[in-house]
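Structure record follows, encoded as structure tokens.
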Amino acid sequence: MTAIFPVFGKLKRVKESNINPMIFNVYFQCGVVLFCVIATIIISTIGPHTIEFSYMGLTSGILLGIGGWFVWLALTYMGMAHTSAIASGIASVTGFIEGITIGYYPDHIGLSIFALFLIVIGIVGIGMNETLTSFIVKRLLCHSEQQSLEILTLDVETHSNVSIKSPASLFRFSSNPYTTIDDDNINLNDTKSEISLNPNETEMLTKDDMAQLEESDEEEMHQTTIINEVHNQQNTSALTLRTWGIIFSVLGGVCFGSMAFPEEFTKPDTTEVYFLPSFGVGCLLMIIVDMAVLSMRMSEDQSWHFEACFIPGLASGIIWAMGFLAILYASILIDYSLAIPIRECSICVAVLIGIIAFKEVTDKRAIVVTLICVGIVLSGVFVLPLGIE
């Protein structure tokens, strides 16, 4: 379920709306709050314990609000496969380290570290599959004539120089922070003179015709230089977008990896499903904070796109909350340091969805490399429990 919830942010109706990620995060948290309300009603009716408020649950809800925003923000810069891979890798490392800090030491430290290393390497390979594929083709297979794979961002034809100096653009508070450079508008054929260049007719050209041809050649060379500069700018812009996408994915991964950690410090009567009421309060608090920020920062030409995005965001939140409840129970049955990394291996499902459903990776070589990395991740998952006796 933790692999499925980002799918709703990639739906056509959501992408076409160009919705502010913070707004979609509000809809996402509404789904989580709704699930928590339903759980609260059920446990208050048939549960053996009374509901108690937990500040640890409140903290987890706040982490979801922050991490969710970073993940939805990263999805506007990169595909689902890349965002999920990087965020899940960071969450795995975060959960493993946090588990060790509270005393969940593996019996075979070397084996557990090796398994975690496999998981991280596989996930990094998924997140940077274009660079890895180009390296393998050029360096290892010695196909130096092969061109490097383009770094895919939100759209293959979309590029932008996003900078921390323009926070409205960086954090998507402008209606369209992306600038599209259309090479089709620069047509060298249009600059060609209509004068025939047939060799048999060359002698018939006047001095004015020759001057016009020379001027046309100079204009063609100038526009060729412009096109080369445009291509260089596009490559730099794509790398810039990927870099910011990675940064936001890392921040989101830290929050998602730490989300279940506060439950380890709460009272016995406020764990598992009894953790959700306080968790929902934290989510509700973040909804209020997000709406306050949006009221101050959102531009006038942006809208909430309620009709197009509310139901997908709500469904995404409900599905994620179901997965979160499952991980709360899993951390009781197995060590916390194992439960979080294993949960993040849902990335394999997210990658397959990104490749098959959304065509985020189209090069056959890159797909093969990605699937190999998925296999490496799964290998780490199966080796990780072996470190515990």
query: Hey, can you rank 7-15, 293-301 by average C-beta count inside 10 Å, highest first?
result: 7-15, 293-301
statement: The correct pair for segment 250-321, radius of gyration to one decimal and Dmax as a whole number, both in Å and from Cα atoms, is 15.6, 49
- prompt: Taking the Cα centre of segment 1-152 as origin and charging only Cβ (+1 Lys, Arg; -1 Asp, Glu), how large is the dipole, in debye to the nearest 20?
  reply: 380
Estimated distance in nm for a label pair at Val37 and Ala357, the labels positioned 7 Å out from Cα along Cα-to-Cβ: 2.6
field: Point-to-point label distance, Glu16-Ile334, nm (Cα→Cβ direction, 7 Å offset)
entry: 4.2
Subset of Lys12/Lys359; Lys15/Lys138; Lys15/Lys359 violating a 24 Å alpha-carbon distance limit: Lys15/Lys138
- line: So, relative contact order of segment 1-120 in percent, Cα under 8 Å, 6 or more apart, is 29
query: For segment 24-39, what does the Karplus curve 6.51 cos²θ - 1.76 cosθ + 1.60, with θ = phi - 60°, yield as ³J(HN,Hα) per residue in whole Hz, taken in order and with x for Gly and Pro?
result: 5, 5, 5, 5, 4, 5, 4, x, 5, 4, 4, 5, 5, 5, 4, 5
- request: First obtain the Kirkwood hydrodynamic radius of segment 1-149 from its Cα pairs, then insert it into the Stokes-Einstein equation at 25 °C and 0.890 mPa s, and state the resulting D in µm² per second as a whole number.
  value: 130
query: Whose amide H sits under 5 Å from the amide H of Ser54, counting only residues 5 or more places off or on another chain, with H placed in the peptide plane?
result: Ser278
- request: With only Lys, Arg, Asp and Glu charged, each at its Cβ (+1 for the first two, -1 for the last two), find how big the charge dipole of segment 252-366 is about the Cα centre; round to the nearest 20 debye.
  value: 320
query: For His108 and Ala168, FRET efficiency with R0 = 51 Å and r from the beta-carbon atoms, rounded to 0.05?
result: 0.50
- line: With x for Gly and Pro, the residue-by-residue ³J(HN,Hα) of segment 356-370, computed from phi through the Karplus equation 6.51 cos²θ - 1.76 cosθ + 1.60 at θ = phi - 60° and given in whole Hz, is 7, 7, 10, 6, 6, 10, 10, 5, 4, 5, 5, 5, 4, 4, 5
statement: Scalar couplings 3J(HN,Hα) for segment 74-85 by Karplus 6.51 cos²θ - 1.76 cosθ + 1.60 (θ = phi - 60°), nearest whole Hz, x for Gly and Pro, are 5, 5, 7, 9, 9, x, 5, 4, 5, 4, 5, 5
- prompt: Could you give the distance between the Cα centres of segment 33-97 and segment 242-277, to the whole Å?
  reply: 6
field: Heavy-atom accessible area ranking, 1.4 Å probe, most first, across Glu98, Glu264, Glu16
entry: Glu16, Glu264, Glu98
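The values are calculated or read from the model by the stated rules, or taken from the named source; none is laboratory data. Note that this is a predicted model, so its numbers are computed, not measured. With ideal geometry, Cβ positions are generated from the backbone for all residues, glycine too; neighbour counts draw on all protein chains shown. Heavy atoms of the whole protein, side chains included, go into the accessibility calculation; ligands, DNA and RNA do not. Shrake-Rupley method; radii C 1.70, N 1.55, O 1.52, S 1.80 Å.
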